[in-house]
Amino acid sequence: MSVRRLEGKPLAERRKAALRDDVATLAKTGRAPRLVVVLATEDEAAVAYARAKQRAGKALGIDVEVVRFEHPTTEALVDKVDALGRDGSVDGILVEMPISPSIDLRAVQDAIPGAKDVDGAGTFALGSLFRGAAAFVPATAAAVMALLDAYDVEISGQHAVVVGRSLVVGRPLSQLLLARDATVTVCHSRTRDLAAMTKTADILCVAVGSPRFLSGSMVRPGAVVIDVGTTVVDGKLVGDIDFAAVAPVAGAVSPVPGGVGPLTTIMLLENVARAARLQRQEQAER
Ligand code: NAP
């Protein structure tokens, strides 16, 4: 029997259609939602991610502006984010990653007001997520949940193993799974006998950033395996899962490309539209 492929593209197309309508309504009753991406790095991947957000925003009627810093300092970035936070024409703010380790990322992200932190990156947003009350959930973690839900994967009571504990993916994802009553194990580079852990997973989410890292022998037969990893190898996007080896063992696998990736930007832009709506409601109530 062939493995079930958890494709993100068709789901992303459906969500795009709904978001386009939502954005059109917002534009008719005021202006288009506006996201500002702070790009403070020359990193090629970050530049490409920022451009991809701009393209996706344009296709949906969302205004995505990229503010580029050639020689960033933490102070200059905090000042800029602070100003954007007070600018009534800005609905969402995001700091593009990866960013130089010389920058105090936490200080910059914490300067984003909660109402505009559409990537759920600041301490307040992450704390709210921990309480199960996040206004905006980090896009990649939200994309994984959307993919699981779209394919009716049962979450409650299942053992979910998340490999990777970054603030961007692994940790928020583990909280979202926990909030849906999964029993969650989080693994990382210091985990002893990783395969022993991954083999116990009903739902296995891998966000490591190491191409074809997860082999078939690390997967429990019938498990649902979600590949978050994206690394460019010889000009091609490669996931963390060795798809050819995992597919014969797993019950379902998300491919790379075409799984989580296509959903990530749409989840972010949905947050931008929601931020715009909430801020308008708040202004109207004042
Ligand atoms: P990251 O910050 O580098 O975190 C990687 C995590 O993997 C860390 O927690 C690290 O453990 C863990 N790890 C590294 N080697 C390991 C090993 N041998 N065994 C077990 N765990 C190991 O990366 P990230 O930002 O979370 O991103 C992870 C991947 O997802 C990357 O490929 C990235 O490009 C991709 N990504 C994709 C999307 C998308 O839209 N599809 C969005 C965001 C990220 P330690 O904490 O111990 O170092």
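For the stretch 80-142, the Kirkwood estimate of the hydrodynamic radius, built from every pair of different alpha carbons, is 12.0 Å. Under 23 Å of direct C-alpha separation, and excluding same-chain neighbours fewer than eight residues apart, K116 reaches these lysines: K16, K28, K53, K58, K80. Charged neighbours of V184, selected by a Cβ distance under 12 Å, balance to +1 (K, R count +1; D, E count -1). Take the solvent-accessible surface of the protein heavy atoms, probe 1.4 Å, and return the percent of it on the chain that carbon and sulfur atoms account for. Of the solvent-accessible surface of the chain, carbon and sulfur hold 53 percent. What is the helix-to-structure angle for 261-285, meaning the angle in degrees between its Cα long axis and the longest Cα principal axis of the chain, kept from 0 to 90 and rounded to the nearest 10? Between the helix axis and the principal axis of the chain, the angle is about 40 degrees.
By the Cα gyration tensor, the chain has an equivalent ellipsoid whose semi-axes, rounded to whole angstrom, run 33, 21, 18 from largest to smallest. Hey, what angle do you get for helix 170-179 against the long axis of the chain, alpha-carbon based, 0 to 90 degrees rounded to 10? That helix lies at roughly 80 degrees to the long axis. Taking the C-alpha atoms only, the angle from helix 74-86 to the longest principal axis of the chain is near 70 degrees. With a Förster radius of 22 Å applied to the C-beta separation of D43 and V67, the computed FRET efficiency comes to 0.90. Taking Cβ atoms as reference points and 14 Å as the exclusive limit, the residues near V137 contribute a net charge of 0, counting Lys and Arg as +1 and Asp and Glu as -1. Springs join every pair of Cα atoms under 10 Å in this Gaussian network model of the chain, and among T191, T123, T74 the largest mean-square fluctuation is at T191.
When the chain is treated as a GNM with alpha-carbon contacts under 10 Å, the residue of E270, E70, E96 showing the greatest mean-square fluctuation is E70.
Computed from the alpha carbon atoms alone, the convex hull of the stretch 31-119 holds 82 Å³ per residue. GNM remark for the chain: springs join alpha carbons under 10 Å apart, and the peak mean-square fluctuation among V260, V249, V206 falls on V249.
Rolling a 1.4 Å probe across the protein heavy atoms gives the chain an accessible surface of 48 Å² per residue. Geometric descriptor of the stretch 139-262, per residue, is 95 Å³ (volume of the convex hull of the Cα atoms).
All other residues whose Cβ lies under 14 angstrom from that of L26 are scored, Lys and Arg at +1 and Asp and Glu at -1, for a net of +2.
The values are calculated or read from the model by the stated rules, or taken from the named source; none is laboratory data. Since this is a predicted model, take the numbers as computed values, not measurements. Cβ sites come from the backbone with ideal geometry, for glycine too, and all protein chains shown count toward neighbours. Surface areas here come from the heavy atoms of the whole protein model, side chains and all, with no ligands, DNA or RNA. Shrake-Rupley method; radii C 1.70, N 1.55, O 1.52, S 1.80 Å.
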